[in-house]
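Report on the following structure.
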Amino acid sequence: MNEAFDLEQLLIDPVVSALAKAEETAWFAAKPVNTAVGIEDSGINPAITEDARARFRRFAPWFAERFADTRPTHGILESPLVGIPDLQAELGDRYGKALPGKLWLKRDDLLPVSGSIKARGGIHEVLQVAERIVIDAGLMSATDDARVLDRPEVREMLSGHGIAVGSTGNLGLSIGIVASELGFNATVHMSMDARAWKKDLLRSRGVTVVEHAGNFSDAVAAGRRTAEEDPSVWFVDDESSLSLFAGYSAAGARLAGQLASLEVTVDERHPLFVYLPCGVGGGPGGVTFGLKQAFGDAVHCIFVEPVSSPCMSLGVRTSLHDAISVADIGLDGLTAADGLAVGRPSRLVGEHLQQLIDGYVTVTDERMKACVGLLHDVEGIDVEPSAAAGFPGPWQVLANKTYLTAFGLDDAALANATHIVWSTGGSMVPADEMAGYVAEWQGLAGKVSWR
């Protein structure tokens, strides 16, 4: 137990009390904060977003040669945005409230290379580290074609360097796959609850996987210690890395382009709601930062977490951020959404980005699983549980009249709204395991209370 706070006092807050009971919750900011003010107050330089986008562009030819699934986009790493009107209607029937506007799915489960929202940040940091090492060695300039990294002398040099990370799974996949492809010695420290197939896939690519009996934070701490003991190892810190954050933020401009190509208007009278699955918070925080740069006050970002691991909601609600863990309020952090099984949030995101986040929603494993089954049944799309976390979000928004009024979101604006559930993970799940998910969870929708 953390002695720096009075738990009984914290539990007076009805939201914190509900979180401690592992109940589904939804709470929202009391009033909007101007985007320009929120970005300035964050202390994070918006220029890091364009820097990351430029890095991804420089490496596009390298990806097109090394990863077959990037060739159709000439090495650009991006996922499709698809409408899901049948699921929108199905969930509307179950909640007893039709969702005005249109519901879309941002399919980061199909993001090339490693299929998750975490790939955006993890891949970016590996690329940035590789560039820095090779440029410092005089073997590359900042304007060179990134395929210079395939030269034998460059690969030999990179093989003398290591990259380590602590991960529940998806971040480790992205870092391990790309780092090993570049020639780094990659080590991924994983909690025991990470999926076995993710560990097996990493090992098949020559990545060292170290398993820890504790939770996500224990894996991160172990990885950090390893890097501190060896100066040749770079540690990717999921709790505070600006490089990861920058990679995630590149998604904002990409989404703006996708919506424009689909002739979807986003402005004050055509609001955009984005529901982001949240683990430690770096992924949704970085995406939020990019979305706010792209859409300003017209975009409303909501973080969604499992009821057993609501670390960001807890940290922000109590203003304690990473000084409090879900274990401090009696939660075990165990969830089928292994990518979101995090006990202690990122201070970088919770403390610096909270003015840009509209709300926080928690969902049960049963509801996430039911949404996996429904998505399969009505749209023919298969994802892992963490990727389905955001589906209840739109109905939580509709139910909170205080929030809608405070933000000026009247019926006319909601009729023009675009709702995007951000998916993460699913395309790399082995077929037999995914079939097992679907078979087990298809019938859950009828057992979950929706109203």
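The values are calculated or read from the model by the stated rules, or taken from the named source; none is laboratory data. Note that the structure is predicted; figures quoted are calculated from it, not measured. No Cβ is skipped: glycine too gets one built from the backbone with ideal geometry, and neighbour counts run over all protein chains shown. For the accessible areas, the whole protein counts, side chains as well, though only heavy atoms, and no ligand, DNA or RNA atoms are used. Shrake-Rupley method; radii C 1.70, N 1.55, O 1.52, S 1.80 Å.
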Given (1) farther than 19 Å from D93 by Cβ; (2) at pLDDT 95 or above; (3) open to solvent by less than 10 Å² (accessible area, probe 1.4 Å); (4) of a type outside the set (D, E, K, R), where does T364 come up short, assuming only one miss?
-> (3)
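Against the condition buried (at least 17 other Cβ atoms within 10 Å of the Cβ) and more than 22 Å from T143 (Cβ to Cβ), how does L77 come out, does it pass?
Details: buried (at least 17 other Cβ atoms within 10 Å of the Cβ): yes; more than 22 Å from T143 (Cβ to Cβ): no.
Answer is no for this residue.
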So which of R155, R147, R195 is open to solvent by 10 Å² or more (accessible area, probe 1.4 Å) and either in contact with a Leu (Cβ under 9 Å, 6 or more places away or on another chain) or within 16 Å of L244 (Cβ to Cβ) (or both)?
-> R155
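What do you reckon, is S232 farther than 25 Å from P112 by Cα and among the polar types (S, T, N, Q)? Give the steps one after another, and end with the answer.
Numbers: farther than 25 Å from P112 by Cα: yes; among the polar types (S, T, N, Q): yes.
Yes: the conditions hold for S232.
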Go over the candidates D86, D93 one by one and state the one that is open to solvent by 50 Å² or more (accessible area, probe 1.4 Å), assigned to a helix (DSSP H, G or I) and in contact (Cβ under 8 Å) with a residue 60 or more places away in the chain.
-> D86
Quick one: is V274 of a type in the set (A, V, I, L, M, F, W, C) and over 20 Å from I48 (Cα atoms)?
-> yes
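Return the total of residues in the stretch 134-151 being under 15 Å from W234 (Cβ atoms) and touching a residue at least 24 places away in the same chain (Cβ under 8 Å). I'd like the intermediate steps shown before the answer.
So the first thing to find is which residues in the stretch 134-151 are under 15 Å from W234 (Cβ atoms), and the list is 134-137.
The next check asks that each one be touching a residue at least 24 places away in the same chain (Cβ under 8 Å); those that pass are 134.
Matching residues across the stretch 134-151 total 1.
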Looking at (1) open to solvent by less than 10 Å² (accessible area, probe 1.4 Å); (2) at pLDDT 95 or above; (3) within 18 Å of L444 (Cβ to Cβ), can you tell me which one Y403 breaks?
-> (3)
May I ask you to list pairs of residues, at least six apart or on different chains, whose Cβ atoms are under 7 Å apart, with the first in the stretch 152-177 being at positive phi and the second being open to solvent by less than 10 Å² (accessible area, probe 1.4 Å) and not in a helix (DSSP H, G or I)?
-> G169/M190; G169/A194
Within the stretch 209-242, considering residues that are closer than 22 Å to W422 by Cβ and touching a strand residue (DSSP E or B) at 6+ places or on another chain (Cβ under 8 Å), the one surrounded by the most Cβ atoms within 10 Å (Cβ to Cβ) = F216
What pairs come up if the first residue lies in the stretch 429-451 and is under 12 Å from K369 (Cα atoms) and free of Cβ contacts under 8 Å to residues at least 40 places away in the same chain, the second is among the hydrophobic types (A, V, I, L, M, F, W, C) and part of a helix (DSSP H, G or I), and their beta carbons are under 9 Å apart, counting only those six or more places apart or on different chains?
-> G446/A370
Residue check, A54 open to solvent by less than 70 Å² (accessible area, probe 1.4 Å) and either touching a Ser or Thr at 6+ places or on another chain (Cβ under 8 Å) or hydrophobic (A, V, I, L, M, F, W, C) (or both) | yes
Within the stretch 100-133, restricting to residues that are outside any helix (DSSP H, G or I) and over 25 Å from D237 (Cβ atoms), the one that is most open to solvent (accessible area, probe 1.4 Å) is K102
Looking only at residues in the stretch 253-284 that are assigned to a helix (DSSP H, G or I) and within 13 Å of the chain's Cα centre (by Cα), which one is surrounded by the most Cβ atoms within 10 Å (Cβ to Cβ)?
-> G283
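Out of R147, R132, which single residue is modelled with pLDDT of 95 or more and among the basic types (K, R)?
Working: R147 fails: modelled with pLDDT of 95 or more.
Residue meeting the stated conditions: R132.
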Residue satisfying all of: in the stretch 378-388; surrounded by fewer than 24 Cβ atoms within 10 Å (Cβ to Cβ) and touching a residue at least 60 places away in the same chain (Cβ under 8 Å); farthest from the chain's Cα centre (by Cα) among these = V378
Qualifying residue in the stretch 403-418 (condition: part of a strand (DSSP E or B) and either touching a residue at least 12 places away in the same chain (Cβ under 8 Å) or of a type outside the set (K, R) (or both)) = yes
Selection status of V287, assigned to a helix (DSSP H, G or I) and closer than 25 Å to H419 by Cβ = yes
Would you please list the contacts, defined by Cβ atoms under 7 Å and residues six or more apart or on different chains, that run from a residue in the stretch 349-377 that is over 16 Å from V421 (Cβ atoms) and part of a helix (DSSP H, G or I) to a residue that is open to solvent by 40 Å² or more (accessible area, probe 1.4 Å) and of a type outside the set (D, E, K, R)?
-> H352/G43; Q355/V33; D377/Q442
Only one of (1) out of contact with any Gly (no Cβ under 9 Å at 6 or more places or on another chain); (2) surrounded by fewer than 21 Cβ atoms within 10 Å (Cβ to Cβ); (3) in a helix (DSSP H, G or I) fails for L334. Which number is that?
-> (3)
Quick one: how many residues across the stretch 151-173 are at pLDDT 95 or above and in contact with a Lys or Arg (Cβ under 9 Å, 6 or more places away or on another chain)?
-> 0
Within the stretch 2-35, which residues are surrounded by 12 or more Cβ atoms within 10 Å (Cβ to Cβ) and aliphatic (A, V, I, L, M)?
-> L7, L10, L11, V15, V16, A18, L19, A20, A22, A26, A29, V33
